[in-house]
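The values are calculated or read from the model by the stated rules, or taken from the named source; none is laboratory data. Because the structure is predicted, anything quoted here is derived from the model rather than measured. So basically every Cβ, Gly included, is an ideal-geometry build from the backbone, and we count neighbours across all protein chains shown. These accessible areas exclude ligands, DNA and RNA; they are computed on the full protein's heavy atoms, side chains included. Shrake-Rupley method; radii C 1.70, N 1.55, O 1.52, S 1.80 Å.
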Amino acid sequence: MANVVVIGSQWGDEGKGKIVDWLSERADVVVRFQGGHNAGHTLVIDGTVYKLSLLPSGIVRGGKLSIIGNGVVVDPWALISEIDRLKEQGVNVSPDNLIIAENCALILPLHGELDGVREDAANVSTKGGPKIGTTRRGIGPAYEDKVARRALRACDLFSDTAIENRVDVLLSHHNPLRRGLGVAEINRDDLIARIKEIAPRITPYVKASWRVLDAAKHDRRRILFEGAQGTMLDVDHGTYPFVTSSNTISSQAAGGSGTGPGNLDYVLGITKAYTTRVGEGPFPTELNDEVGRGLGERGHEFGTVTGRSRRCGWFDAVMVRQATKIGGIDGIALTKLDVLDGMEELKVCIAYELDGERIDYFPASTEAQARVKPVYETLEGWSESTFGARSWKDLPATAIKYIRRIEELIETPVAMLSTSPEREDTILVHDPFED
Ligand code: GDP
Ligand code: IMO
Ligand code: MG
């Protein structure tokens with residue numbers, strides 16, 4: 001029996017949602033531990049599409065407990081609209097199967113606005129920092145307020161006085177900032193009224209989730225930790241400053257949910273069979289050509305949250321190997337193999353060249369990251385279809401060779417394989433829960 005942590009090993013959108021949904025059949029509790037509604041996790045079950053941003057992907061299966069852990073930044077309005085949307089799709093969401101950690105920091109409308117104002121300003125000048133290409137959901141500004149100890153948290157929603165006091169502290173920071181940016185100040189009473197209006201819809205879900213997790217552990221229930229974004233978007237280990245504002249790696253699963261690291265037994269890194277990135281920042285194996293566009297079209301690489309086209313490129317084994325080391329990834333789920341069907345040859349990045357020198361890791365310096373050039377190995381492609389394959393023996397020999405070479409290069413075995421968006425088009429090689 002083991003608890004499993006699912007994280008992204010690239011720049012997000014690796015297919016975490018699909019894999020978490022598939023694995024959640026074997027789990028009792030599914031916990032999100034970082035990020036917010038910048039995440040977009042798509043599940044396809046018998047042709048029906050479910051898009052989740054804040055809710056753990058286990059919510060779609062009945063009989064599971066879903067937890068939004070303290071490491072998540074929660075936009076109450078976005079959460080309620082997501083819950084309402086899922087209910088319309090026939091998914092049961094109630095305080096019986098969803099818990100929000102009482103110590104979650106909240107995203108308020110002013111955070112999204114600030115995110116957008118900064119991004120727009122960066123379009124015109126780089127003085128306020130580079131354009132990141134954020135999702136404009138207020139994720140960065142909300143984490144800033146959390147770390148600066150002025151956030152409004154889920155537990156504050158129970159008390160009018162707490163709401164008023166927290167808003168005063170927040171506005172004493174945000175209104176001068178907004179004046180400096182030339183943006184209208186926030187009206188205290190309007191903001192307080194909006195928060196008080198939404199509060200009763202959120203509070204029924206708010207609990208001490210660490211206690212619930214502890215009880216689950218005591219009852220030997222299986223816990224699945226669902227990460228958002230990916231290792232290269234991690235605020236410490238990613239392509240800084242072109243990252244998100246949270247730690248996205250496996251160790252965050254403990255701190256972001258309120259359990260010990262000893263409860264994280266198996267780390268599954270979700271890994272796309274090629275690479276994509278949405279937003280700005282370095283991307284050594286990016287393909288700005290017909291091959292890249294082909295991957296984007298066949299892989300339907302458009303963001304779930306913002307609808308932006310994702311940048312596409314070859315598989316970067318150096319980057320994924322680095323992710324497996326940093327995140328302690330025990331095995332990977334290789335997704336979207338089918339998107340490579342019909343390609344004559346496939347390139348895989350096996351090293352970088354930096355200023356004429358060959359290196360086997362992604363350097364931390366922003367300038368060096370922008371300068372590294374990929375060194376490629378070319379592998380044979382396959383003409384057969386792997387789309388929807390449900391067993392290893394349905395795969396062409398060249399596809400298996402590609403998988404084996406990836407395992408070798410990233411020094412990590414493939415535990416699962418995904419061959420279409422559909423839940424059941426999944427091949428289990430090694431059950432992470434039985435590790
Ligand atoms: P996440 O953010 O990591 O959960 O990934 P997204 O849901 O944003 O993006 C992955 C997309 O690829 C979704 O539209 C999935 O339905 C789809 N998908 C997942 N696995 C596969 C696969 O094996 N093959 C194909 N063709 N699509 C997949
Ligand atoms: P899932 O969970 C892909 C990217 C944004 C931007 C950067 C910072 O679906 O894999 P933010 O709004 O977080 O401040 O934006 O991070 N980004 C993602 N890219 N998948 C995601 O989530 C992402 N969440 C944020 O595009 O480059
Ligand atoms: Mg996504």
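The table that follows gives values for the structure above.
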read-out	value
Spread of Cα-to-Cα distances over 5 Å intervals beginning at zero, given as percent, for the stretch 133-287	1, 7, 12, 15, 16, 15, 15, 10, 6, 3, 0
Chymotrypsin sites (Phe, Trp or Tyr not before Pro) within the stretch 189-280: DSSP coil, no more than 11 neighbouring Cβ in 10 Å	none
Solvent-accessible ranking of Glu377, Glu411, Glu384, largest area first, probe 1.4 Å	Glu411, Glu384, Glu377
Share antiparallel - DSSP beta bridges, the stretch 16-165, percent rounded to 5	40
Full-extension gain in nm, Glu88 to Phe387, via 0.36 nm per residue minus C-alpha separation	104.6 nm
Mean accessible surface per residue for the chain, computed with a 1.4 Å probe while every protein chain stays in place, in Å²	40
Antiparallel bridge percentage (DSSP; both residues within the chain; nearest 5)	40
Those lysines that a straight Cα-Cα span of less than 26 Å connects to Lys336, excepting residues fewer than 8 apart in one chain	Lys16, Lys18, Lys51, Lys272, Lys325, Lys347, Lys373, Lys393, Lys401
Eligible aspartates and glutamates near Lys64 by straight Cα distance, threshold 17 Å, same-chain separation 8 or greater	Asp21, Glu25, Asp28, Asp96, Asp214, Asp219, Glu226
Proximal lysines relative to Lys131, as straight alpha-carbon distance under 20 Å, when same-chain residues fewer than 8 apart are discounted	none
Placed amide H near Thr335: partners under 5 Å, 5+ positions off or other chain	Thr271, Lys272, Ala273, Ser418
For q = 0.12, 0.14, 0.17 Å⁻¹, Debye-computed log10 I/I(0) when each Cα of the stretch 271-434 counts as one equal scatterer	-0.54, -0.74, -1.10
The stretch 76-164: C-alpha pair distances exceeding 21 Å, %	46
For the stretch 145-189: rounded, prolate or oblate by the Cα gyration tensor [a/c cutoff 1.5]	oblate
Between helix 209-218 and the chain: long-axis angle, C-alpha atoms, 0 to 90°, nearest 10	50
Sequence ranges 75-88, 391-404, ranked by mean other-Cβ count within 10 angstrom, highest first	75-88, 391-404
J(HN,Hα) series, the stretch 391-397, from Karplus relation 6.51 cos²θ - 1.76 cosθ + 1.60, nearest Hz, glycine and proline x	8, 3, 6, 7, 9, x, 4
Crossing angle, helix 188-202 versus the chain [Cα axis fit, 0-90 degrees, rounded to tens]	60
Shape metrics for the chain, restricted to C-alpha atoms - Rg then Dmax, Å	21.5, 66
Share of carbon and sulfur in the accessible heavy-atom surface of the chain [1.4 Å probe, %]	48
Compactness of the stretch 1-135 as Cα Rg over 2.2 N^0.38 Å, two decimals	1.15
Surrounding net charge for Gln229, when Lys and Arg each add one and Asp and Glu each subtract one, Cβ distance under 14 Å	+1
